[in-house]
Amino acid sequence: MIPILYAMLRARRIQALAMLFLAAIAAVAAISGPAYLTHVNAKVTAQQLRDASAVQRSIEFSGSVSPVDDSDGSAESQLTLQLATLPHFTTVQATELPITVPAAGVLKPPVELLVDRQNACDHVTMISGRCMIGVAEVILPVKLATAFHLRPGDQMMLTTSIASKDQFSVIPSDPFHATVTGVNLVVGFRPELWAGHAPSAAPDGVTGFAEPVVGPDGFTMPATQHDLVLWLGGAHDLVFDAVTEAACGLDAVAVVAEETIGWSYHRDRDLTGFIDGTENPSLSEAPEVVLIPNGSAGAGGSVVLVQQWLHDVAAFEALAVEEQERVIGRTKQTSTELAEEVRGAASHVSRTTIEERGVEQHIFRRNTPFGIATTHGTMFIGFSCDQQRLSRMLARMAGAEDGIRDALTRYTTAVSGAYYFVPSNDAVQRAGGISLL
């Protein structure tokens with residue numbers, strides 16, 4: 001290129017200068033092109049990271065370490081270590097340790113797992129009490145805690161075993177607090193039953209679901225009140241054990257009238273495909289919404305409405321998405337509330353919004369899907385410090401308040417309904433000398 005340009009400069013100066021200019025442009029493009037593309041890629045990647053969920057921004061590796069394996073680890077383990085040292089990554093370690101019980105000098109196979117997660121408390125918002133696993137603590141399974149006669153907070157001595165092909169030794173470790181895992185348990189009583197047993201701890205004016213809610217067109221929400229409700233959440237095996245134990249414990253005084261198994265559907269959606277619980281208060285605000293305030297009868301307790309709704313998913317899914325959104329009152333993808341003139345007075349959002357003197361009265365929903373492929377729906381579980389909010393919401397859905405029926409009830413049918421009072425653990429202890437913890 002250079003000799004050609006020199007020859008043209010001697011013969012044809014203008015053409016040579018033009019050729020030199022074009023060559024300079026080509027050189028600049030060759031240099032700046034890759035840099036520009038790198039810059040664009042970085043901008044696109046940054047935007048994708050900002051829009052991604054925490055799960056999408058995470059890389060999870062799991063593996064096991066053998067005490068008798070002297071190798072440096074697999075290729076996957078080496079890759080994990082290299083990735084963990086990259087900038088902009090936060091490393092969080094979680095460990096499951098097999099635990100065994102020596103008996104008469106014989107080392108038995110591991111029977112349970114101790115679980116630890118680094119910085120677990122940094123990822124939760126506590127309403128009351130304490131984080132389930134703090135610094136220098138481990139989670140101890142229920143069966144193992146029972147075998148060792150341990151309760152939450154009890155101290156235990158953990159020992160670390162070092163094994164090889166030729167020898168086995170035990171090194172005592174510093175004492176740890178044992179935190180016993182289990183299930184979340186909510187116990188609700190028929191309000192009249194609780195008031196008869198503990199009248200001083202019963203809320204004023206709270207009653208069971210004695211009569212069905214009937215709308216002007218005959219739409220009905222049935223009353224199927226029972227004396228007691230147990231709502232348990234957690235790992236399936238632990239829930240099963242707890243439920244069977246509770247049923248056996250209550251066998252002398254009660255029979256199981258109904259049992260429903262719920263599960264999570266796409267993390268936070270119900271079976272219509274819409275996000276459920278969008279209007280729930282934050283966890284820091286929930287106690288004010290859920291708990292009867294101090295100084296009132298039944299302080300620290302809550303009123304819960306439990307209903308089972310069967311969905312006609314096929315009929316609902318036959319609607320265009322825009323029509324589905326008008327039925328619910330929110331967008332399907334992002335759960336953005338539609339303007340009132342768009343969603344209309346019959347939308348589910350409009351029907352379930354309760355206001356007193358212009359102030360919205362919230363409840364706390366803990367709904368869960370249930371059922372099988374042929375029969376399924378939603379368990380509505382709503383907590384409130386005031387039963388009136390719940391009963392008025394049902395009246396508005398049925399159209400009993402103003403003649404406007406909730407559009408969602410065209411595609412779902414209530415098959416049960418009951419109110420329960422959930423007393424505080426302190427109230428249960430005072431009333432019967434037992435603890436729900």
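Every number in this text was worked out from the coordinates using simple rules, so none of it is lab data. Keep in mind that what you see is a predicted model, and the values were worked out from it rather than measured. Using ideal geometry, Cβ is built from the backbone for each residue, glycine included, and neighbour counts are taken over all protein chains shown.
Between Ala147 and Gln388, the contour length at 0.36 nm per residue exceeds the alpha carbon distance by 82.1 nm.
The residues packed around Ser350, meaning those with a beta-carbon under 9 Å from its beta-carbon, carry a net charge of +1 if Lys and Arg are +1 and Asp and Glu are -1. Across the range 184-432, the fraction of Cα-Cα pairs farther apart than 23 Å, rounded to a whole number, is 53%. Taking a Cβ cut-off of under 12 Å around Gly196, the surrounding Lys, Arg, Asp and Glu residues balance to a net charge of -1, with basic ones at +1 and acidic ones at -1.
Full extension of the chain between Glu192 and Glu245 gives 16.5 nm of extra length, using 0.36 nm per residue less the Cα-Cα distance. Note on Met156, Met221: ascending count of other Cβ atoms within 10 Å places them as Met156, Met221, the fewest first. By other beta-carbon atoms within 10 Å, ranking Lys332, Lys43 with the fewest at the front produces Lys43, Lys332. Neighbours of Glu323, meaning other residues whose beta-carbon lies under 14 angstrom from its beta-carbon, give a summed charge of +2 when Lys and Arg score +1 and Asp and Glu score -1. The simple spin-label model puts a point 7 Å past each Cα toward its Cβ; for Glu356 and Glu211 those points are separated by 2.2 nm.
With each label modelled as a point 7 angstrom along the Cα→C-beta vector, the Val415-Ile261 pair spans 1.6 nm. Hey, rough spin-label estimate for Asp312 and Thr95, points 7 angstrom out along Cα→Cβ, what's it come to in nanometres? Spacing of the two 7 Å Cα→Cβ label points: 5.7 nm.
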